[in-house]
Amino acid sequence: MEVIIRPTREDASWLVARIIERAVRSNPHIVLGLATGRTMERLYAMLAQLHKDEGLDFSLCQTFNLDEYVDLPPTDKNSYRFYMNQHLFSKVNIDFRNTYLPNGMAPDLEDECERYEARIQACGGIDLQLLGIGRSGHIGFNEPLSALQSRTRKKALTPLTIRENSTQFDNPLRMPKRAITMGVGTILECKRSVVLVTGKSKAAVLAKAVEGPITSMVTASALQLYPRCTVVVDQDAATELEGTEYYHWIFENEPEWEAYR
Ligand code: GLP
């Protein structure tokens, strides 16, 4: 794992946008794993800008989102399908038929989860997985106690996640209490992952995820098991990290980061 600290959330988001840009340009058929949440809105706006101003081409990409609420139709403005269409898919030249999210309206959710896993496999697996971290320490909706080998499945959301995310709903009581999420095991199979975390409210959970013990109580800590994980954070999110001097040194000195400095 490597941790990159940038001064502001704009800088952190730009760095992630540039990582994705390079990956897409070097492999136009890339399979991207995508995340939702407030943190990603700025990043998606940057990718849309790179498409518009610098011709970043998404036409051959395929995408798989991490999760979707159960019982929200794609037309509901709080569904993650709606979010993705609004913030990214409608702003770039991706073929909507190549954009996949779990279907939280499926009559048989277990079958839907199995089909989602099979679809990822059929596309050759995820090349680059984008991740955020929720206040409960989740990646996707892998809430505390999710097995670190879990696969795509239905998951009950914690009161903390419901409090955090229900502010996005006109009527917070309408927020679903369950979601379909890729499992921690599913996520760890991707070839590379990039985690974007910004803001003071994430400082404590980020420190647990990156520097704490690996535990199913903070599923983001499972990324420590993973060979190719880059965590990009802003100064606010980095305030509770202990190894910042080392992390800064890596970014300033290691040749692979030269193009991003
Ligand atoms: C949701 C998503 C997560 C995301 C998290 C962070 O809960 N399921 O994948 O990481 O939001 O959200 P925010 O960026 O709004 O803090």
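The values are calculated or read from the model by the stated rules, or taken from the named source; none is laboratory data. Keep in mind that what you see is a predicted model, and the values were worked out from it rather than measured. Cβ placement follows ideal geometry from the backbone for every residue including glycine, while neighbour counts extend to all protein chains displayed. What goes into the accessible areas is simple: the full protein's heavy atoms, side chains included, and nothing from ligands, DNA or RNA. Shrake-Rupley method; radii C 1.70, N 1.55, O 1.52, S 1.80 Å.
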* Asked: Averaged per residue, what accessible area in Å² does region 9-194 show with a 1.4 Å probe, protein chains only?
  -> 43 Å²
* Asked: How big is region 9-194 by Rg and Dmax over its Cα atoms, in Å?
  -> 15.6, 44
* Asked: Which of GLU245, GLU41, GLU143 moves the most in a Gaussian network model of the chain with Cα springs under 10 Å?
  -> GLU245
* Asked: Which number gives the lysine pairs in region 9-194 that have C-alpha atoms under 29 Å apart and are eight or more places apart or on different chains?
  -> 12
* Could you tell me which helices of the chain pass both thresholds, a Cα extent of 18 Å or more along their own axis and a mean Kyte-Doolittle hydropathy of at least -0.5, with helices taken as whole DSSP H runs? => 9-26
* With +1 on each Lys and Arg Cβ and -1 on each Asp and Glu Cβ, and nothing else charged, work out how big the dipole of region 1-117 is about its Cα centre, in Debye to the nearest 20. => 680 debye
* To do: State, to one decimal in nm², a quarter of the convex hull surface area for the C-alpha atoms of region 124-261, i.e. the direction-averaged projected area.
  => 9.4 nm²
* Structure fact -> Bridge orientation stat for the chain from DSSP, antiparallel percent rounded to 5, came to 25 percent
* How many percent of the accessible area of the chain is carbon or sulfur, using a 1.4 Å probe? -> 50 percent
* To do: At a Cα cut-off below 13 Å, give the aspartates and glutamates reachable from LYS200, other chains included and same-chain residues fewer than 8 away excluded.
  => ASP234, ASP236, GLU240
* Dipole of region 9-194 (Lys/Arg Cβ +1, Asp/Glu Cβ -1, origin at the Cα centre): which of THR75, PRO159, MET46 lies farthest to the positive side? -> PRO159
* **Helix-derived mean residue ellipticity, 222 nm - over the chain, DSSP H n ≥ 4, -39500 (n - 2.57), to 500** => -10500 deg cm²/dmol
* In a Gaussian network model over the chain where Cα atoms closer than 10 Å are linked, find which of PHE251, PHE169, PHE82 has the largest mean-square fluctuation. => PHE169
* Dipole moment magnitude, nearest 20 debye, the chain about Cα centre, only Lys, Arg, Asp, Glu C-beta charged -> 520 debye
* To do: Using a Gaussian network model of the chain whose springs link C-alpha atoms within less than 10 Å, name the residue from ARG135, ARG153, ARG163 with the highest mean-square fluctuation.
  => ARG163
